[in-house]
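Undergrad: Quick one: the structure is below, questions incoming.
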Amino acid sequence: MKHVSAGSNHYDYSADKYDAIYDKNAEIDDALIANILKQYKVKSIIDLSCGTGNQALYLARAGYEVSGADINQKMLNVAKRKAKKLKVDCNLFLGDMRTSKAGQFDAAITIFNAVGHLTKADFKKAMKNIGSNLRAGGIYVFDIFNLNYMLDKDNITALTIDQMAIEKTRTIRKIQHSTVDHKGVLASHTISIVTKDKTKSKTVHGSQTLQIYSASELEDMLAKCGLKIVKKCAIDGTRFSDKKTKHILLVAKKDTKPKKSK
């Protein structure tokens, strides 16, 4: 399956179900991110893939000055409703990590494989743009699936997901099977089953692709965009292993030296 960058309507169907399926381990991830930000004495943050607002709102409640952008209006609407309910002051706006200019921040984040939705060419555009939103010495925190882990035949079970969320008025089940090629294209086919009032059921089939990378490829690509990787670990904070870590969390620092004009 050919990989193309996800469009602005990519999460339209998932927006009102996203938190039910994906929010189970959010507090662990958020705490790890907050700890990293504390280490680098961060005060201001731009989340350029804020989605339904989980990280942006968590960090705003923790006392950071936070702005959040997302390319999908429906996901952003969920984030705004949550911010209003929680009475959190967070600047949320429609934006694209490849092009949005929001100011100069101490840190930028894009969490939960957000950059994987981009082609390699668009990834480079996003990295340069993210750098332009950072002050000199600012940091960029992001995550992505580890290509070397995914290509290992012993890890084939990692490519199959069966998740269920039970709410008061509905049950959501998501079954996903994926394949990955040596170019790093992760192709996923998904069946979503939503049951309301225990009787009314709707099944939706879907597919998507993600571009994933090895740690060494990321290091090379970011360096060319003026960002140096200063930390990498597993998404749960444990030590990174090229063959054993499924999900990498990385911290890159913006070069403090201005580029010499040619």
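Undergrad: Go over the candidates Ala165, Ala114 one by one and state the one that is touching a strand residue (DSSP E or B) at 6+ places or on another chain (Cβ under 8 Å), at pLDDT 95 or above and of a type outside the set (Asp, Glu).
TA: Values: Ala165 fails: at pLDDT 95 or above.
After ruling out the rest, the residue left standing is Ala114.
Undergrad: Continuing with this model, one more query. Answer yes if at least one residue in the range 80-97 is under 26 Å from Ile175 (Cβ atoms) and either modelled with pLDDT of 95 or more or not hydroxyl-bearing (Ser, Thr, Tyr) (or both), and no otherwise. Break it down stepwise before answering.
TA: Initially, the range 80-97 is screened for residues under 26 Å from Ile175 (Cβ atoms), giving none.
Checking the range 80-97: not a single residue is under 26 Å from Ile175 (Cβ atoms) and either modelled with pLDDT of 95 or more or not hydroxyl-bearing (Ser, Thr, Tyr) (or both).
Undergrad: Considering only residues that are within 16 Å of the chain's Cα centre (by Cα) and crowded, with 23+ Cβ neighbours inside 10 Å, look in the range 58-68 and name the one that is farthest from Tyr13 (Cα to Cα). Give the steps one after another, and end with the answer.
TA: First, pick out the residues of the range 58-68 that are within 16 Å of the chain's Cα centre (by Cα): 58-59, 67-68.
Still in the list and also crowded, with 23+ Cβ neighbours inside 10 Å: 59, 67-68.
On the way: Leu59: 27, Ser67: 25, Gly68: 21 Å.
Across the range 58-68, the extreme among qualifying residues is Leu59.
Undergrad: Just one of the numbered conditions (1) more than 27 Å from Ile130 (Cα to Cα); (2) surrounded by 14 or more Cβ atoms within 10 Å (Cβ to Cβ); (3) not aliphatic (A, V, I, L, M) is not true of Thr199; which one?
TA: Only one criterion is unmet by Thr199, namely (2).
Undergrad: I've got another one for you. Residues Leu94, Leu76: which one is in contact with a strand residue (DSSP E or B) (Cβ under 9 Å, 6 or more places away or on another chain) and buried (at least 16 other Cβ atoms within 10 Å of the Cβ)?
TA: Leu76
Undergrad: Sticking with this structure for a sec: Of all the strands (runs of 3 or more DSSP E) wholly in the range 134-217, which have at least 3 residues that are out of contact with any Pro (no Cβ under 8 Å at 6 or more places or on another chain) and hydroxyl-bearing (Ser, Thr, Tyr)?
TA: Working: elements: 134-145, 160-166, 170-180, 185-196, 200-211.
So the answer is 170-180, 185-196, 200-211.
Undergrad: Taking the range 113-122 only, how many residues are within 16 Å of Lys2 (Cα to Cα) and not hydroxyl-bearing (Ser, Thr, Tyr)? Reasoning before the result, please.
TA: Start the filter on the range 113-122 by keeping residues that are within 16 Å of Lys2 (Cα to Cα), which leaves 116-122.
Those left that are additionally not hydroxyl-bearing (Ser, Thr, Tyr): 116-118, 120-122.
Result for the range 113-122: 6.
Undergrad: I've got another one for you. So which of Gly68, Gly53 is out of contact with any Asp or Glu (no Cβ under 7 Å at 6 or more places or on another chain), farther than 19 Å from Ile144 by Cβ, small (Gly, Ala, Ser) and without any contact (Cβ under 8 Å) to a residue 40 or more places away in the chain?
TA: Gly53
Undergrad: Checking the conditions here, which among Val194, Val180 is in contact with a strand residue (DSSP E or B) (Cβ under 6 Å, 6 or more places away or on another chain), farther than 16 Å from Ile21 by Cβ and surrounded by 13 or more Cβ atoms within 10 Å (Cβ to Cβ)?
TA: Values: Val194 fails: farther than 16 Å from Ile21 by Cβ.
So the residue among Val194, Val180 that is in contact with a strand residue (DSSP E or B) (Cβ under 6 Å, 6 or more places away or on another chain), farther than 16 Å from Ile21 by Cβ and surrounded by 13 or more Cβ atoms within 10 Å (Cβ to Cβ) is Val180.
Undergrad: Among the numbered criteria (1) over 24 Å from Tyr13 (Cα atoms); (2) buried (at least 16 other Cβ atoms within 10 Å of the Cβ), which single criterion is violated by Ile172?
TA: All conditions pass for Ile172, except number (1).
Undergrad: Still on this structure: Looking at the range 109-154 only, could you name the residues that are charged (D, E, K, R) and either buried (at least 20 other Cβ atoms within 10 Å of the Cβ) or touching a helix residue (DSSP H, G or I) at 6+ places or on another chain (Cβ under 6 Å) (or both)? Give the derivation first.
TA: Taking the range 109-154 first, the residues charged (D, E, K, R) are 120, 122, 124-125, 128, 135, 143, 152-154.
Listed by number, the list holds a single entry, Asp143.
Undergrad: Does Asp106 fit the bill of being modelled with pLDDT of 95 or more, closer than 30 Å to Ile191 by Cα and crowded, with 18+ Cβ neighbours inside 10 Å?
TA: Details: modelled with pLDDT of 95 or more: yes; closer than 30 Å to Ile191 by Cα: no; crowded, with 18+ Cβ neighbours inside 10 Å: yes.
So Asp106 fails the test.
The values are calculated or read from the model by the stated rules, or taken from the named source; none is laboratory data. The model shown is predicted, which means the values in this text are computed figures rather than measured ones. We place every Cβ from the backbone using ideal geometry, glycine too, and count neighbours over all the protein chains shown.
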